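Chemist: Below you'll find the structure I mean.
Since every read-out is calculated from the coordinates, none of them should be taken as a lab result. Just so it is clear, the model here is predicted, and its values are computed rather than measured. Positions of Cβ are backbone-derived with ideal geometry, glycine not excepted, and every protein chain shown enters the neighbour counts.
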Amino acid sequence: MKKQNVNSTTAAILRQKAEELLKLRTDAQPCVSTNENDVRKLLHELQVHQIELEMQNEELIIAKEKIEQLAKEKYKELYDFAPSGYLSLTKDGDIIELNFAAAKMLSKARSHLIKSRFAFFITEDTRSVFNRFFDAIFTSKIKQSCEVSIANEDNLPICVTIEGVISQNDKYCFLTLIDITERKQAEIALQHFKHIVSNTTDIMALIDKNYIYLAVNKEYTINFNKTEEAFIGASVEAIFGKSFFEKVIKPNGDRCLKGEITNYQNWFDFPNKESVYMDVFYHPYYNEANEIIGFSVNARNITKQYFAEEALKKSEENLRLSTELANVAVWEYNFNTDSMSRSNNHDQLYGLPPQERWKMDTFLDATHPLDREISSGFIQKSVASGGPDNYSFDFRVVYPNKTIHWLNVIGQVMVRNSKGEGVIVRGTLMDITERKNLTEAIKRNERVLQLFVKHSPAAIAMFDKEMNYIVASDRFKLDYRLGEKVLTGRSHYEIF
């Protein structure tokens, strides 16, 4: 209803304007007789209607011009700011028009590119491709396409796909440029990835949540002596057998399908091969909605490593047994972290239960108070810049039951920092209490023997195998008139 009222008002205004124009046209005409009134009235209506049509036509022309102008401006805006590059080239390949996207690809202001030869912006390695494409546009007169690289001021070529068509007058061609650099980089990365996957010695597979193979790499097919087609669409259970699938693969796979990265080691049997010990990783496989739809498999043959580790464990156990039987401990101290790794019997040699952490203070606290300073001095001198790499000393420790034990430590600086200070020191620790006690007993016996010989009423002298005096009695010196001469350590032939 509202629209009808507007139209009625517009029509009334239009008629009023037509009446005014007609009056101006008829004022100069002579009056007609009364019997001509009906004809005059009809003529008046026709003339008014004619003027209305003329005015409507003028308004339509103005409206059309406005619409065309708006369309032209809109088209220019769409052209200028389109995400794809648009160019118009002459038959010689000169640029006569381009939008902002094309100018950006060519790394220059749009105004500076007019009349430039477009082919000069194409990299040399793809320029021949562009030249064939450009010639084909004008010779075949059908849409052509190609992929080339455009040189960039940053020396990073832009990969583009170009589509071109000839103009209606055959004098120009119109090109559309689409930047496909990211796609090309992704394709190259994918090719690299495929190369790595196809040439790795690891076996890889992609399995869906129903344990159906989606993809396998070359090494996977080699190990099973099957073609790739034999795996795609097949179930994992069919390949490995029900027992192994349910016992090993499915429990780990189910954990992975819940979002956990799964790692395990197990023996695998492959056709025409001995059993292989594999290190296996399962990684969840997500779709675009971030839903787990399967998992990837990456397995590596670690059979040699397994046997090497077993041999190392056996060797370490043998070393442990031999060191413990010999009452010897091995250790490695890190001065950066103030911590020590050591054999199981190390702390026992100090009379201590196993310590959670062994620091320098732990060592000093366990050392006899009279030996702490000298023990610390040996160590600090060795690890100081320019100090000796090797050291050895004996020291005492006091057990909780108050008994004193003697230990011998041998250390070697393995790593020094840039200042020359020792960082990693490795060595052995041995209980030498029995040896120390035996040495002390021998020394005591020697002193007793020397006193016995010295004060013997007989002329007695003891010599080593080189005939050097060990001890001589006072009677010996008196009988041979040797007076107060010191004989110990001197040759018998020198004295006589």
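Chemist: Please say if segment 444-495 is rounded, prolate or oblate, where rounded means a/c under 1.5 for a ≥ b ≥ c the square roots of the C-alpha gyration tensor eigenvalues, and otherwise the choice is prolate for a/b larger than b/c and oblate otherwise?
Modeler: Note, shape of segment 444-495 comes out oblate.
Chemist: Provide the FRET efficiency to the nearest 0.05 for the N334-E440 pair, computing r from the beta carbons and using R0 = 35 Å.
Modeler: 0.45
Chemist: Same structure again: Would you grab the residues whose amide H sits under 5 Å from the one on F270? Only those 5+ places off in sequence or on another chain, please, with H modelled 1.01 Å from N.
Modeler: For F270, whose amide H was placed from the backbone, the distant partners under 5 Å are V276.
Chemist: Report the Stokes-Einstein translational diffusion coefficient (µm² s⁻¹, integer) for segment 106-175, Rh taken as the Kirkwood radius over Cα pairs, at 10 °C with viscosity 1.306 mPa s.
Modeler: Answer, rounded: 123 µm²/s.
Chemist: Can you give the local net charge around S128? Use residues other than it whose beta-carbon is closer than 14 angstrom to its beta-carbon, Lys and Arg +1, Asp and Glu -1.
Modeler: -2
Chemist: Under a straight-distance cross-link criterion of Cα-Cα below 19 Å, which lysines are reachable from K41, leaving out those fewer than 8 residues away in the same chain?
Modeler: K17, K23
Chemist: Can you pull the one-decimal nm distance between simple spin-label points at N152 and E45, each 7 Å off the Cα toward Cβ?
Modeler: 7.6
Chemist: Here's another thing I want to ask about it. Using R₀ = 56 Å, calculate the FRET efficiency as 1/(1 + (r/R₀)^6) where r is the Cβ-Cβ separation of E466 and E309; round to 0.05.
Modeler: 0.50
Chemist: For the chain, build the charge dipole from Cβ charges (+1 Lys, Arg; -1 Asp, Glu) around the Cα centre, then report which of S315, I96, H405 sits farthest towards its positive end.
Modeler: After comparing all options, I get H405.
Chemist: Which one, A189, S116, I162, is farthest towards the positive end of the dipole of segment 108-194 when Lys and Arg carry +1 and Asp and Glu -1 on their Cβ?
Modeler: Of the candidates, S116 comes out farthest on the positive side.
Chemist: Rounded to the nearest 20 Debye, what is the dipole magnitude of the chain about its Cα centre when Lys and Arg each give +1 and Asp and Glu each give -1 at the C-beta?
Modeler: The calculation lands at about 1320 debye.
Chemist: Assuming R0 = 35 Å, what is the FRET efficiency of F138 and F100, from their Cβ-Cβ distance, to the nearest 0.05?
Modeler: Using R0 = 35 Å, I get an efficiency of 0.85.
Chemist: I've got another one for you. Distance check, please: which entries in K273/K304; K314/K359; K247/K273; K242/K313; K76/K143; K402/K436 exceed 26 angstrom between their Cα atoms?
Modeler: The answer is K314/K359; K242/K313.
Chemist: Can you list the HN-Hα couplings for segment 335-342, worked out from phi with the Karplus curve (6.51, -1.76, 1.60; θ = phi - 60°), rounded to whole Hz and with x for Gly and Pro?
Modeler: 6, 5, 9, 6, 8, 9, 9, 7
Chemist: Something else: Which net charge results for the neighbourhood of T367, defined as the other residues with beta-carbon distances under 12 angstrom from its beta-carbon, given Lys and Arg at +1 and Asp and Glu at -1?
Modeler: Result for the local shell: -3.
Chemist: Check S339: other-chain or 5+ apart residues with amide H under 5 Å from its amide H, H built from backbone geometry?
Modeler: Here N334 satisfy the definition.
Chemist: While we're looking at this one, here's another question. What's the local net charge at I424, with K and R +1, D and E -1, over the other residues with C-beta under 12 Å away?
Modeler: Once all neighbours under 12 Å are counted, the net charge is -1.
Chemist: Let me ask something additional. Sorted by mean Cβ packing within 10 Å, highest first, what order do the peptides 238-249, 481-492 take?
Modeler: Taking the mean over residues of other Cβ atoms within 10 Å, the ranking is 238-249, 481-492.
Chemist: If you put +1 on each Lys and Arg Cβ and -1 on each Asp and Glu Cβ, how big is the dipole of segment 327-431 around its Cα centre, in Debye rounded to 20?
Modeler: Here segment 327-431 has a charge dipole of around 100 debye.
Chemist: Using the Cα gyration tensor of segment 327-431, with a ≥ b ≥ c the square roots of its eigenvalues, what is the shape: rounded (a/c below 1.5), prolate (a/b larger than b/c) or oblate (neither)?
Modeler: In terms of gyration-tensor shape, prolate.
Chemist: Report the gain in length on full extension from I261 to L370: 0.36 nm times residue separation, minus Cα-Cα distance, nm rounded to one decimal.
Modeler: That works out to 33.6 nm of additional length.
Chemist: So, one more: Only four residue types carry charge here, +1 at the Cβ of Lys and Arg and -1 at the Cβ of Asp and Glu. Report the dipole size of segment 444-495 about the Cα centre in Debye, rounded to the nearest 20.
Modeler: 140
Chemist: According to a simple spin-label model (label point 7 Å from Cα along Cα-to-Cβ), what is the distance in nm between Q412 and A238?
Modeler: 6.1
Chemist: At 7 Å along Cα-to-Cβ for each site, give me the label-to-label distance between S145 and L60 in nm.
Modeler: So the label points at S145 and L60 sit 4.3 nm apart.
Chemist: What label, among [x] 0.93; [y] 2.26; [z] 1.47, belongs to Cα Rg over 2.2 N^0.38 Å computed from the structure on display?
Modeler: [y]
Chemist: If you don't mind, there's one more thing I want to ask. Cut-off 18 Å, label point 7 angstrom out along Cα-to-Cβ of D389: give me the residues of segment 332-350 whose amide nitrogen falls inside.
Modeler: So the set is 332-335.
Chemist: Another question about this same structure. Equivalent ellipsoid semi-axes for segment 193-349, as square roots of 5 times the alpha carbon gyration tensor eigenvalues: give them largest first, rounded to whole Å.
Modeler: Sorted largest first and rounded, they come to 42, 20, 15 Å.
Chemist: Using per-residue counts of other Cβ atoms within 10 Å, averaged over each peptide, order 404-413, 44-53, 118-127 from highest down.
Modeler: Highest-to-lowest ranking by the protection proxy: 404-413, 118-127, 44-53.
Chemist: Could you let me know the centre-to-centre spacing of segment 145-186 and segment 271-309, using Cα atoms, in angstrom?
Modeler: 44
Chemist: Given H placed on each backbone N at 1.01 Å, which residues far from I232 in sequence or on other chains put an amide H within less than 5 Å of it?
Modeler: Amide H neighbours of I232: none.
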